[in-house]
Amino acid sequence: MTPPSASKRTARKTAARSKAKNGVKEKTAPKRSGKAGNMSVIKIGQMNKWYGDFHVLRDINLEVYEGERIVICGPSGSGKSTLIRCINRLEVHHKGCIIVNNTELTSDLKNLETIRKNVGMVFQSFNLFPHLTVLENCTLGPIWVHKMPQAEAEALAMEYLERVRIPEQAGKYPGQLSGGQQQRVAIARSLCMKPNIMLFDEPTSALDPEMIKEVLDTMIELAETGMTMLVVTHEMGFANKVADRVIFMDEGQIVEQNEPEAFFNNPQSDRTKSFLSQILGH
Amino acid sequence: MAPQRSQSARGYVAKVSLPALPPPIGTSGLIGWLRQNLFYNLTNSLMTIFTVVLLWLLVSSASGWFVIDAVMQAGSKQECLKIDSGACWAVIGKRIEQFMFGFYPEAERWRPLVCFLLLFVAIGPLLLPSFPARRQMLWFSAIYPVLTGVLLLGGAFGLPPVKTALFGGFMLTLIVGVTGIAASLPLGILLALGRQSKLLAVRTLSVMFIEFMRGVPLITLLFVASTMLNYFLPPGTHFDLLLRVLIMVTFFSAAYIAEVIRGGLQAIPAGQYEAAQSIGLNYWQTTRLVTLPQALKISIPGIVNTFIGLYKDTTLVIVIGLLDPLGIGRAALADANWNGLSNEIYLFVALFFFVSCFAMSRYSLWLEKRLATEHR
Ligand SMILES: Nc1ncnc2c1ncn2[C@@H]1O[C@H](COP(=O)(O)OP(=O)(O)O)[C@@H](O)[C@H]1O
Ligand SMILES: [Mg+2]
């Protein structure tokens, strides 16, 4: 039983691949694992955003290819969260353009709907729905957004709960789980929507050290499936292992981006150097 | 100087794995409960004894007038006094039908009675998730208001019509109270959402409505309903007084409910809205499935508080000439036979209100417990 959206996406993926083979698009992004495709799924051009008078994002340009894993780091307040929240329009940008899955983000609600269906997001504070069980948290989207029958949605949810290794918690409420378990449920909840892009905003920052690993492992497994991922994190081990590109942001700008090895071993800008020395220094 | 014990506790490690033992005697079970709750320490014990003595004094002194010396059957106050010195409950017995139905025609009183019994069938599935065949029964809940309207008013299906001016007593209290409660909750929710809306026009209208309704005493609104509304309506239109009262009471209570629910909505973290949006839910889905259920849950005490207030405020309809239980009581007091029995009559009316309100209060506590999912 494959939900219709999934089969559609597979079709689109294959189409993209053949398109790439024909050399329609030039590959420009650095890639390491060879898993990243050549179709651009996110394209941000000259994007600017303000909070009132505060210029929070300045001339952001970024292109993300299908299957790419991008780690975004930078000092607190540099606009990392704002940037990825603009990608699924939890925040509205004011200048420039953001194109996700070939759809430009505008105030058009139809576009917004399609984009939110295909872009999953995981938050620092999990944001599970406390009045619903773990299973209900996961089936809510499929049932109401994809109009999936309940039984099918539950089967799908169990599949993803198994993938994040907590099927036995399905009947519990989020308040009864540990932080690490809650974050894995949050990942499963997003995956149940069958997105092709996943955004993570400091997914491990609210966790105790022993739980960080279980969440990172889940994310590594997800990366291995070829999911396009944008991850805001300071877990440099994760960046090193998984990322195709590391982006460094400071004061609302992308200051540096490179493959992880080059980024960590040979940072170019002074701000990157001082940031890296701060987080790796101890 | 450090005591000897701390010397040996230093560097202590468990050498064997210890089995779990039962708790010491007196910390669990009945004795444990008594100790924990009634005789925890000297102050607690004194308070317990004081309370017991107070309760005993109260019960022993009141039981004489209320029960032991009370008269259940008599033809007038004079007869009561001849029989015994306590309460003259006979007046209630004589007037009970009026207390229940007001001046509803005697031959038709089965109609409100049927409505009353069906009320439980209608609210049962709404209030209790374990109600048998709940889904089907909810359909009955949905048609119940229409059914009641037809039954009470008549004029259809061969039922003789009955004027609302004849409605009275507890029946009137229930009609105004239950309608007000049932209608003000959805209206209050819409107003609360409206007040938080991004659309300026919706927000302004909601705020104006809420502030106006809250800023005016209910009595004033009832007067407006009974007299002033005529000036605004085209001449010759008939607009039933009871219906006007129902609308005013609903609006008044909806304004309070809206504010209670707004408080609940504001307690929902922004992350809940964001998470709901990020999985693609639209505004109404987010509200209905994610934020409103949580907001309502937090608001239960405030909502029930408002409902209890509304229910008791239904007695205010007396000022525009409707015969609520207090009005019936007054009529009974005006009867030469029962002159001067205000204690009995007002206590009886008080008991009716207390039972209803206490039931609401208990239900809300039960609901809060059932909905508690935070086990931190
Ligand atoms: N809703 C908001 N209103 C005003 N300022 C905000 C808002 N959200 C974030 N900011 C400000 O924007 C800047 C960037 O925030 P954020 O994107 O959260 O940074 P980061 O995630 O990199 O720590 C910070 O200075 C923050 O104070
Ligand atoms: Mg942040």
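Assorted remarks:
- Single residue of B:Val317, B:Val290 found to be surrounded by 17 or more Cβ atoms within 10 Å (Cβ to Cβ) and more than 14 Å from chain A (Cβ to nearest Cβ): B:Val317
A quick yes/no check of all residues on (1) within 25 Å of B:Leu118 (Cβ to Cβ); (2) of a type in the set (A, V, I, L, M, F, W, C); (3) surrounded by fewer than 15 Cβ atoms within 10 Å (Cβ to Cβ):
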site	(1), (2), (3)
B:Thr179	yes, no, no
B:Leu200	no, yes, yes
B:Phe209	no, yes, no
B:Phe232	no, yes, yes
B:Phe239	no, yes, yes
B:Val245	yes, yes, no
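- Meets criteria (more than 9 Å from chain B (Cβ to nearest Cβ) and crowded, with 22+ Cβ neighbours inside 10 Å) for A:Thr139: yes
- Inside segment A:199-223, residues that are within 16 Å of ligand 1 (Cβ to nearest atom) and more than 17 Å from A:Glu68 (Cα to Cα) make up a count of 5.
- Looking only at residues of segment B:301-314 that are aliphatic (A, V, I, L, M) and open to solvent by 20 Å² or more (accessible area, probe 1.4 Å), we find that the one that is farthest from the other protein chains (Cβ to nearest Cβ) is B:Ile308.
- Within segment B:210-242, tally of residues that are among the hydrophobic types (A, V, I, L, M, F, W, C), at pLDDT 85 or above and part of a loop (DSSP other than H, G, I, E, B): 1
- Just one of the numbered conditions (1) exposed (fewer than 14 other Cβ atoms within 10 Å of the Cβ); (2) within 27 Å of A:Met236 (Cβ to Cβ); (3) within 12 Å of ligand 1 (Cβ to nearest atom) is not true of A:Asn61: (3).
- Test result for B:Ala192, within 30 Å of A:Pro130 (Cα to Cα), within 14 Å of chain A (Cβ to nearest Cβ) and part of a helix (DSSP H, G or I): no
- Which listed residue is open to solvent by 60 Å² or more (accessible area, probe 1.4 Å), part of a helix (DSSP H, G or I) and more than 14 Å from chain B (Cβ to nearest Cβ), from A:Glu152, A:Glu162: A:Glu162
- Conditions (1) open to solvent by less than 30 Å² (accessible area, probe 1.4 Å); (2) over 15 Å from the mean Cα position of the chain (by Cα); (3) within 16 Å of ligand 2 (Cβ to nearest atom): number failed by A:Ile98: (3)
Quick grid of which residues meet (1) open to solvent by 40 Å² or more (accessible area, probe 1.4 Å); (2) within 30 Å of A:Tyr173 (Cα to Cα); (3) within 14 Å of chain A (Cβ to nearest Cβ); (4) among the basic types (Lys, Arg):
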site	(1), (2), (3), (4)
B:Ile268	no, yes, yes, no
B:Tyr283	yes, yes, yes, no
B:Ser299	no, yes, yes, no
B:Ala332	no, no, no, no
B:Ala372	yes, yes, yes, no
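- Hey, A:Val145 within 16 Å of ligand 2 (Cβ to nearest atom), of a type in the set (A, V, I, L, M) and under 15 Å from A:Met193 (Cβ atoms) or not: no
- Segment A:102-122 residues that are at the interface with chain B (Cβ under 9 Å from one of its Cβ atoms), paired with ones that are loosely packed, with under 13 Cβ neighbours inside 10 Å (beta carbon under 6 Å, 6 or more apart): none
- Contact map, segment A:80-101: first residue more than 11 Å from chain B (Cβ to nearest Cβ) and among the charged types (D, E, K, R), second residue part of a strand (DSSP E or B) and within 14 Å of ligand 1 (Cβ to nearest atom), Cβ cut-off under 6 Å, separation 6 or more or different chains; pairs are A:Lys80/A:Ile72; A:Lys80/A:Val232; A:Lys80/A:Met249; A:Lys95/A:Asn48.
- Of all residues in segment A:246-273, those that are away from ligand 1 (no atom under 16 Å from the Cβ), polar (S, T, N, Q) and open to solvent by less than 70 Å² (accessible area, probe 1.4 Å) total 2.
- Among residues of segment B:318-337 that are touching a residue at least 12 places away in the same chain (Cβ under 8 Å), those with a beta-carbon under 9 Å from a residue that is of a type in the set (Ser, Thr, Tyr) and open to solvent by 50 Å² or more (accessible area, probe 1.4 Å) at least six positions away or on a different chain give the pairs B:Ile320/B:Thr227; B:Leu326/B:Tyr346; B:Gly329/B:Tyr346.
- When A:Gly171 is tested against (1) assigned to a loop (DSSP other than H, G, I, E, B); (2) surrounded by 24 or more Cβ atoms within 10 Å (Cβ to Cβ); (3) more than 16 Å from ligand 1 (Cβ to nearest atom), only condition (2) is not met.
- Complete set of residues in segment B:103-146 that are open to solvent by less than 80 Å² (accessible area, probe 1.4 Å), closer than 22 Å to B:Leu322 by Cβ and more than 22 Å from the chain's Cα centre (by Cα): B:Tyr104, B:Pro105, B:Glu108, B:Arg109, B:Arg111
- Test for A:Ala243: is it farther than 27 Å from A:Gln278 by Cα and open to solvent by less than 30 Å² (accessible area, probe 1.4 Å): no
- Tabulated pairs, segment A:196-207, first more than 20 Å from B:Gly280 (Cα to Cα), second open to solvent by 20 Å² or more (accessible area, probe 1.4 Å) and within 13 Å of ligand 1 (Cβ to nearest atom), C-beta under 6 angstrom, 6+ apart or interchain: A:Glu202/A:Gln124; A:Ser205/A:Gln124; A:Ala206/A:Gln124; A:Ala206/A:Ser125
- Scanning segment A:66-90 for residues that are more than 8 Å from ligand 1 (Cβ to nearest atom) and either in a helix (DSSP H, G or I) or open to solvent by 10 Å² or more (accessible area, probe 1.4 Å) (or both) gives A:Glu66, A:Arg69, A:Ile84, A:Cys86, A:Ile87, A:Arg89, A:Leu90.
The values are calculated or read from the model by the stated rules, or taken from the named source; none is laboratory data. Note that the coordinates shown come from a computational prediction; the quantities given were computed from them, not determined experimentally. Positions of Cβ are generated from backbone atoms using ideal geometry, with glycine treated the same way; all protein chains shown enter the neighbour counts. Note: accessible area is taken over every heavy atom of the protein model, side chains too, but ligands, DNA and RNA are not part of it. Shrake-Rupley method; radii C 1.70, N 1.55, O 1.52, S 1.80 Å.
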